Amino acid sequence: MDHFLYRDGSLHAEDVPLAEIAASVGTPFYVYSTATLTRHFRLFDEALAPMPHLVCYAMKAASNQAILKTLADLGAGMDVVSGGEYARAIAAGVPGERIVFSGVGKTRIEMHAALSAGIRQFNVESEPEMRALNEVAQSLGVKAPIAIRVNPDVDARTHAKIATGKSENKFGIPISRARAVYAEAATLPGLDVIGIDVHIGSQLTELAPYRTAFEKIAELTDALRADGHDIRRLDLGGGLGIPYTQDNQAPPLPLEYGNLIKEILGDKGCEIEIEPGRLVVGNAGLLVAQVIYVKSGEDRDFLILDAAMNDLLRPAMYDAHHDIVPVIQPAPGTERQPYDVVGPVCESGDTFAKARRLTPLAAGDLVGFRSAGAYGAVMASEYNSRPLIPEVLVNGDQFAVIRPRPSFDEMIKRDTLPPWL
Ligand SMILES: *Cc1c(COP(=O)(O)O)cnc(C)c1O
């Protein structure tokens, strides 16, 4: 559930009419609901009670400082995958002991920065990375706390571009080699081996792949303990899916996911970490755009919007579906007609939806793309020299711009001319 509902015939974000925000900041823009963010974070937090746990928000889903601060104030940890994300977590006031550093290609510079300013744990994804981290930690005279990401060879049954837990994926160490790698880790003086990490993919819509993965982690925990490792923390990754349409089968709830974790891993005496991204912020965000033109096509009309693939890449990148809703509520019983919904970018891939059945729309009308909070603004680019669009946060009857729209000048001034021009 979210907090984008019609009230008095117009779509609101919590208590604020979207049309009011559009009039104030212009279109297109992203808007997020504090109440939805808060609710989703709490659902995970409560689902893991009473086990000792930390919910580390995977900020790659949406990393605006205001979103991070909202979640950090609720007690969230952060899962980061780059030096830039680490810096964002610190800037949002998240203490190092609540930051987990994931990702397959951490550089020595990133390791150095995190070890210097404080880090809860590195999720190590390969042996060369493990050896590099050992050297960096030793050069600083510290021990780096690590979990090793194992690849359980489980099919997450999700889109190929976001499945990460099969042996052919680039992520983690094959679970069959885990004991050997842990044995080497234990000999490295710059490392403190504290746990196991697993993350099998994103937008999972069933629990079965998690069950298979967690059972393998339970077995591995016992095996590693028998080998003498003090496994005291299990990081189970993120990936729980969200409903992108109103009619498809709803993915499992955080509570069911939490119960599964309790059932399979609850008796290990470990602290549990999870790293949800999409489910925390996905349905907490909307992309609002305006219709520029309605163009008649051979078979159907094109709805040409002022938002494009550079603003919301998911449809072009993952064939993703986003529900598109008019900001002014259509009268009950209004007939729908098929539209191809497109942006102005010079690529045929700049298509948000084909033959989408919508109530009639005209130039100037506002539409919202639902479920655009995750992997939306963060994947945006300035392709076609379209400045990054603003982000707005709503809280009850208040709203604030949390990232302003840059002017053309500001965009152009980031380029610098070489001395010979
Ligand atoms: C992307 C990612 C997540 C978050 O995935 P969601 O599907 O957004 O919940 C968590 N952990 C790791 C390591 C990731 O790469």
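Data overview
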read-out: Inter-residue pairs, beta-carbon under 9 Å, first closer than 18 Å to residue 41 by Cβ and in contact (Cβ under 8 Å) with a residue 40 or more places away in the chain and in segment 276-290, second among the acidic types (Asp, Glu) and part of a strand (DSSP E or B), 6+ apart; value: 276/79; 277/79; 285/391
read-out: From 266, 228, 258, 237, residue being on the phi > 0 side of the Ramachandran plot, assigned by TED's automatic domain parsing to the domain that holds residue 43 and either within 16 Å of the ligand (Cβ to nearest atom) or not in a loop (DSSP other than H, G, I, E, B) (or both); value: 237
read-out: When residues of segment 83-118 are limited to those that are of a type in the set (Ser, Thr, Tyr) and closer than 23 Å to residue 198 by Cβ, the one nearest to the ligand (Cβ to nearest atom); value: 102
read-out: Strands (runs of 3 or more DSSP E) fully within segment 95-214 counting 2 or more residues that are outside the structural domain of residue 314 (by TED's automatic domain parsing) and over 20 Å from residue 277 (Cα atoms); value: 144-151, 191-197
read-out: Failed item, numbered, when residue 59 is tested on (1) within 16 Å of the ligand (Cβ to nearest atom); (2) in the same structural domain as residue 305 (by TED's automatic domain parsing); (3) not aromatic (Phe, Trp, Tyr); value: (2)
read-out: Residues that are at pLDDT 90 or above and within 14 Å of the ligand (Cβ to nearest atom), drawn from segment 147-167; value: 147, 148, 149, 150, 151, 152
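Residues checked against (1) in contact with a Leu (Cβ under 8 Å, 6 or more places away or on another chain); (2) farther than 30 Å from residue 320 by Cα; (3) at pLDDT 95 or above; (4) surrounded by fewer than 24 Cβ atoms within 10 Å (Cβ to Cβ):
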site: 196; (1), (2), (3), (4): yes, yes, yes, no
site: 201; (1), (2), (3), (4): no, no, no, no
site: 215; (1), (2), (3), (4): no, yes, yes, yes
site: 221; (1), (2), (3), (4): yes, yes, yes, yes
site: 232; (1), (2), (3), (4): no, yes, yes, yes
site: 237; (1), (2), (3), (4): no, no, yes, no
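The values are calculated or read from the model by the stated rules, or taken from the named source; none is laboratory data. What you see is a predicted model, and the numbers here were worked out from it, not measured in a lab. Cβ sites come from the backbone with ideal geometry, for glycine too, and all protein chains shown count toward neighbours.
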